[in-house]
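The values are calculated or read from the model by the stated rules, or taken from the named source; none is laboratory data. Bear in mind that the values here come from a model prediction, so they are computed numbers and not experimental data. Here Cβ is always computed from backbone atoms with ideal geometry, including for glycine, and neighbour counts include all displayed protein chains.
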Amino acid sequence: MAKKLMKGNEAIGEAAIAAGCRHYFAYPITPQTEVAEYLARRMPEVDGVFLQAESEVAASNMLFGAAAAGVRTFTSSSSPGISLMSESISYIAGAQLPVVYINIVRGGPGLGGILPAQSDYFQACKGGGHGDYHLLVLGPSTVQEAVDHVMLAFDLADKYRNPVMVMGDGMIGQMMEPVEFPTEGVAAPPPKPWATVGMRGRPQNLIRSLYLDPDELERNNLELRAKYDAMERDEVRFESYHADEETDVLVVAYGTMARIAKTAIDELRGQGKRIGMLRPITLYPFPRVAIREASSRARAVLVVELSTGQMVEDVEWSAAEGVDIHFFGKTGGNIPAPEDIGDEITKVLEGRARPRTMVPLAEEAS
Amino acid sequence: MTAATIFQRPQSLTERITHYCPGCTHGVIHRLVAESLDELGLRESTVGIAPVGCAVLAYHYFACDFQEAPHGRAPALATGAKRARPDLTVFTYQGDGDLASIGTAELIHAANRGEKFTIIFVNNAIYGMTGGQMAPTTMPGQVTSTSPAGRDVDQVGYPLRVAELVATLRTPSYVERVSVHSPGHIIDAKRAIRQAFAYQKEGRCFSLVEVLSTCPTNWGLTPLASLKWVEENMLPYYPLGLKKSPEDEV
């Protein structure tokens with residue numbers, strides 16, 4: 001299929017249709033409302049369901065009902081909306097339902113702003129809702145990768161019977177890039193013998209997250225844990241950009257930040273500097289082993305995020321012992337230029353930057 | 001003379017003994033729903049949605065597929081399930097805390113969109129599962145654990161009349177309030193519940209049946225005194241009858 005020029009949010013909507021999803025429930029929120037506007041036109045053309053819910057709370061619970069009835073279903077939202085969905089995400093994880101969430105992250109906390117941010121890494125990867133659960137989280141850095149991740153997300157959700165989040169930011173949602181949609185090799189969803197679609201002669205199917213017996217609840221917790229172990233073993237994805245070489249600075253960044261960092265790295269490598277980058281593609285499961293190995297070949301690590309430092313905590317506990325970890329972040333919707341990141345890398349190279357430390361800065365100063 | 005079966009457990013109920021308190025009318029209401037599903041031949045295509053509250057374990061007592069919703073969200077789950085599979089019979093079974101307090105938004109919007117599923121709304125004027133707290137439906141002056149001096153309408157307003165509220169919506173629907181405090185009322189409640197499922201079977205409209213129910217344990221009354229309490233206290237405030245019919249002019 002020929003490439004066509006599409007806005008990220010519209011490409012995300014089309015990717016869901018290409019993945020065989022015909023049930024979309026959502027509530028408008030900037031900066032991703034174009035997904036809903038696109039699907040309001042597009043879903044009827046493919047005999048699909050587009051429904052604007054009364055709230056994000058309701059939208060996510062509609063996903064629960066639809067997924068439990070055996071269909072592929074998804075929603076798109078942005079940070080404050082995902083907070084409202086977090087209640088049902090916990091229930092959906094507990095009830096082991098395949099659901100896909102698109103989160104086009106904006107600045108926070110609170111109403112925050114509408115410009116790009118990566119400040120919901122903790123929410124996506126470390127919980128958000130209550131209880132012992134994980135979302136599988138993908139972080140695309142281009143519009144094409146967003147398309148690929150949306151399609152992959154449906155397969156992974158079905159494979160693990162677990163909610164999957166594709167987490168981008170306003171840049172991914174708003175920019176236009178050439179994309180193509182695979183039309184062949186799209187696997188049909190697996191059979192769902194557990195779905196609640198009427199007994200029709202078989203025993204009752206029950207979708208629930210309540211287990212009043214402590215042993216039964218623990219069994220469900222361990223079943224979930226076994227899925228997360230399998231994800232950590234089989235689903236870790238990352239991109240290595242000269243990270244398999246000896247480096248003086250290893251950059252770790254994901255999503256659009258990795259893209260901007262790459263421009264900075266190319267510039268410095270052109271000057272003969274030994275810089276590499278490891279880009280996590282799955283944010284959960286996190287590429288811990290890859291980070292450990294790449295950082296063992298590095299003199300220092302620089303983590304770059306659109307936040308005041310969230311993923312950096314995962315890098316800290318993954319990195320090889322003794323390697324200095326530095327952090328550079330911008331927030332509020334401010335986006336660093338390649339030169340800003342280049343300057344930070346140079347500071348680390350020249351020993352002018354202060355690494356993160358376990359000792360609180362104020363205490364150290366006194 | 002040959003023996004003939006003249007009364008039996010509906011196929012839509014399991015043999016499991018319920019956890020409901022002695023004298024609670026959930027059991028009667030479960031039976032009316034089950035009889036309706038049996039008579040309309042719907043059991044094998046039915047998906048029930050359980051609430052959070054006393055009826056959270058309803059799926060152990062109904063012999064059909066079930067989903068268990070977060071508190072108050074059953075109408076949103078039902079919307080998702082029915083939109084995904086319009087061929088299924090979908091019903092929610094919700095108490096007054098679940099439906100009339102935390103789940104008001106989901107109720108009103110599902111009704112207003114005209115979602116073609118059925119809500120069985122059990123109103124016993126109190127939170128049962130958590131041990132007898134004030135509900136939006138608690139009667140003026142009624143003593144509960146969170147209104148120890150009785151519900152003060154100056155502070156918390158008057159009880160919510162859900163059936164009337166939903167009936168104000170312009171979208172066609174079937175809304176009726178019934179009670180199960182006497183055999184005659186139980187027979188009438190059965191008619192209404194069956195009618196709601198019949199409308200759904202025809203793909204006709206959203207349907208809600210509000211059933212006045214008892215909570216002897218948290219009311220601190222015997223089962224018999226509870227039935228009388230419904231008659232004397234709830235009926236005057238919650239008038240029974242048809243509130244809205246799909247036959248009405250839009």
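Scan region B:90-114 residue by residue and report those that are in a loop (DSSP other than H, G, I, E, B) and buried (at least 24 other Cβ atoms within 10 Å of the Cβ).
Here is the first cut: in region B:90-114, the ones in a loop (DSSP other than H, G, I, E, B) are B:103, B:114.
Once the filter is applied, which keeps residues that are in a loop (DSSP other than H, G, I, E, B) and buried (at least 24 other Cβ atoms within 10 Å of the Cβ), region B:90-114 yields only B:Gly103.
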- Query: Being farther than 22 Å from B:Thr89 by Cβ and part of a strand (DSSP E or B), is that true of even one residue in region B:188-210?
  - Reply: no
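Condition first: within 14 Å of chain B (Cβ to nearest Cβ) and of a type in the set (Ser, Thr, Tyr). Now tell me which residues in region A:178-225 satisfy that. Full working, then the answer.
Kept after step one, since they are within 14 Å of chain B (Cβ to nearest Cβ), are these residues of region A:178-225: A:189, A:192-213, A:216-217, A:220.
Within region A:178-225, A:Thr196, A:Ser209, A:Tyr211 qualify.
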- Looking at region A:288-366, what helices (runs of 4 or more DSSP H) fall wholly within it and have at least 1 residues that are free of Cβ contacts under 8 Å to residues at least 40 places away in the same chain, among the hydroxyl-bearing types (Ser, Thr, Tyr) and within 20 Å of A:Gly255 (Cα to Cα)? A:311-318
- Message: Can you tell me which condition B:Thr2 does not meet? The list is (1) at pLDDT 95 or above; (2) over 16 Å from B:Phe197 (Cβ atoms), and all the others hold.
- Response: (1)
- Message: Which condition from (1) of a type outside the set (Phe, Trp, Tyr); (2) assigned by TED's automatic domain parsing to the domain that holds A:Gly94; (3) in contact with a strand residue (DSSP E or B) (Cβ under 6 Å, 6 or more places away or on another chain) is the one that A:Ala230 breaks?
- Response: (3)
- Message: Can you tell me how many residues within region A:328-353 are touching a Leu at 6+ places or on another chain (Cβ under 9 Å) and on the phi > 0 side of the Ramachandran plot?
- Response: 2
- A:Gly173 versus (1) crowded, with 23+ Cβ neighbours inside 10 Å; (2) at pLDDT 95 or above; (3) under 14 Å from A:Gln32 (Cβ atoms): which is the lone unmet condition? (2)
- Message: Condition first: touching a Gly at 6+ places or on another chain (Cβ under 7 Å) and within 14 Å of chain A (Cβ to nearest Cβ). Now tell me which residues in region B:105-162 satisfy that.
- Response: B:Glu106, B:Lys116, B:Met129
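Out of all the residues in region A:194-211, is one or more assigned to a helix (DSSP H, G or I) and of a type outside the set (Phe, Trp, Tyr)? Let's see the steps before the verdict.
Restricting attention to region A:194-211, the residues satisfying the condition of being assigned to a helix (DSSP H, G or I) are none.
No: region A:194-211 contains no residue that is assigned to a helix (DSSP H, G or I) and of a type outside the set (Phe, Trp, Tyr).
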- Working carefully through the options B:Gly150, B:Gly203, find the one that is at pLDDT 95 or above and within 13 Å of B:Ala125 (Cα to Cα). B:Gly150
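Residues checked against (1) assigned by TED's automatic domain parsing to the domain that holds A:Ala230; (2) surrounded by 21 or more Cβ atoms within 10 Å (Cβ to Cβ); (3) closer than 16 Å to A:Ala243 by Cα:
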residue	(1), (2), (3)
A:Asp266	no, no, yes
A:Gly272	no, no, yes
A:Arg279	no, yes, yes
A:Thr282	no, yes, no
A:Ile291	no, yes, yes
A:Arg297	no, no, yes
A:Gly309	no, no, no
A:Glu313	no, no, no
A:Phe328	no, yes, no
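Go through A:Met151, A:Met167, A:Met231, A:Met171 for me and flag whichever is within 30 Å of A:Gly107 (Cβ to Cβ) and part of a strand (DSSP E or B). Please lay out each step first, then the result.
On the way: A:Met151 fails: part of a strand (DSSP E or B); A:Met231 fails: part of a strand (DSSP E or B); A:Met171 fails: part of a strand (DSSP E or B).
Only one candidate passes the filter, namely A:Met167.
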- Note on the structure: Within region A:30-78, restricting to residues that are in a loop (DSSP other than H, G, I, E, B) and of a type in the set (Asp, Glu), the one that is nearest to the other protein chains (Cβ to nearest Cβ) is A:Glu54
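So in region A:119-134, with the set limited to residues that are in a loop (DSSP other than H, G, I, E, B) and in contact with a helix residue (DSSP H, G or I) (Cβ under 6 Å, 6 or more places away or on another chain), which one is nearest to A:Ala253 (Cα to Cα)? If you could, list the steps in order and put the result at the bottom.
Just the residues of region A:119-134 that are in a loop (DSSP other than H, G, I, E, B), to begin with: A:119-120, A:126-134.
Still in the list and also in contact with a helix residue (DSSP H, G or I) (Cβ under 6 Å, 6 or more places away or on another chain): A:120, A:128-134.
Details: A:Asp120: 15, A:Gly128: 22, A:Gly129: 25, A:His130: 28, A:Gly131: 28, A:Asp132: 27, A:Tyr133: 25, A:His134: 21 Å.
It comes out as A:Asp120.
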- Task: Quickly run through region A:8-35 and pick out the residues that are touching a Gly at 6+ places or on another chain (Cβ under 8 Å) and within 16 Å of A:Ser78 (Cβ to Cβ).
- Result: A:Gly8, A:Asn9, A:Ile12, A:Tyr24, A:Phe25, A:Tyr27, A:Ile29, A:Pro31, A:Gln32, A:Glu34, A:Val35
- Can you name the residue in region A:86-113 that is aliphatic (A, V, I, L, M), crowded, with 24+ Cβ neighbours inside 10 Å and closer than 16 Å to A:Thr30 by Cα and, of all such residues, is farthest from the other protein chains (Cβ to nearest Cβ)? A:Val105
- Query: Across region B:49-59, which residue is surrounded by the most Cβ atoms within 10 Å (Cβ to Cβ) among those that are at the interface with chain A (Cβ under 9 Å from one of its Cβ atoms) and touching a residue at least 12 places away in the same chain (Cβ under 8 Å)?
  - Reply: B:Ile49
- Task: Just give me the residues in region B:19-48 being more than 18 Å from B:Ile187 (Cβ to Cβ) and either among the aliphatic types (A, V, I, L, M) or within 11 Å of chain A (Cβ to nearest Cβ) (or both), in sequence order.
- Result: B:His19, B:Leu42, B:Arg43, B:Glu44, B:Ser45, B:Thr46, B:Val47, B:Gly48
